[in-house]
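In what follows, a structure is listed as structure tokens, so that the remarks can point back to it.
Every read-out reported here was derived from the displayed coordinates using simple, explicitly stated rules and does not represent laboratory data. What you see is a predicted model, and the numbers here were worked out from it, not measured in a lab. In this analysis, Cβ positions are derived from the backbone assuming ideal geometry, glycine residues included, and neighbour counts consider all displayed protein chains.
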Amino acid sequence: MSDRFNTAAGWALFAGIVALGAGIVSSKLTHQERPEQMGYEIAGVEAEGGEGGASGPSLNTLLASADVAKGEKVFAKCTACHTINQGGPNGIGPNLYATVGEGIAQGKGGFAFSEALKKVGGSWTFEALDHWLASPRTFANGTKMSFAGLSNPEDRANVIAYLNAQGSNLPLPAADAAPEAESANAAAPAEGANVAEAGNAAAPAEGQTTNQVATAN
Ligand code: HEC
């Protein structure tokens, strides 16, 4: 009798151990799943950051083909806080007439600029405006302009061209040379160097070509 009881108790214990083991295994499986999901989320965030950093057309190129009418539409996002007509009143933000080229955080009928923006210094170049409008907080940490920023570089270029057309009218920069042309220029000296090296080892006839290349450079 007690033998049988011991056997039964033994099996019960064994079953318990198996159940415990299964529990551990399954909890390990669930734990494995979790980091995988989190991994995907993080990867997504990183991918977005990467896209943002990807090099599109330069600001100069975008400004050269900027559309003032489209910029005026983008400016609809700004009108809650800014007027832009000449002599327009300051609101939550300063009047922006003729701001392009002006000193940063200066004038504007005594508008109370934040210390954060005042200490940036310099003037509103196209580039400064591009950085400012991409992320006011990054440009001047602590700024009073509670605006997230315009993530689209074309929107920024268009609205900068619109701002410029309101009282500033500075000449827009020319488009940068196409990237292919730049890389061709960079490749040329390298090729010349190769020819020179080959020329040293090669026959005099090729040496002449080397001289020609050198004079061309
Ligand atoms: C929520 C209100 C708000 C919105 C929306 C807003 N701004 Fe501003 N803006 C401000 C404030 C406030 C300041 C002053 C910032 C400071 O002193 O730190 C400012 C400052 C500026 C300045 C600097 C002016 C100077 O003379 O130095 C520019 C340029 C500007 N804003 C452009 C824009 C443009 C373009 C948009 C739309 C894409 C925009 N802002 C949207 C509130 C706003």
> Within region 142-155, restricting attention to residues that are out of contact with any Phe, Trp or Tyr (no Cβ under 9 Å at 6 or more places or on another chain) and near the ligand (Cβ under 10 Å from one of its atoms), which residue is nearest to residue 61 (Cα to Cα)?
Replying inline: 155
>> If I filter region 144-160 for residues that are surrounded by fewer than 17 Cβ atoms within 10 Å (Cβ to Cβ), over 14 Å from residue 93 (Cβ atoms) and among the basic types (Lys, Arg), do I get at least one hit?
In response: no
> Of the residues that make up region 121-128, is at least one under 19 Å from residue 173 (Cα atoms), near the ligand (Cβ under 10 Å from one of its atoms) and in a helix (DSSP H, G or I)?
Replying inline: yes
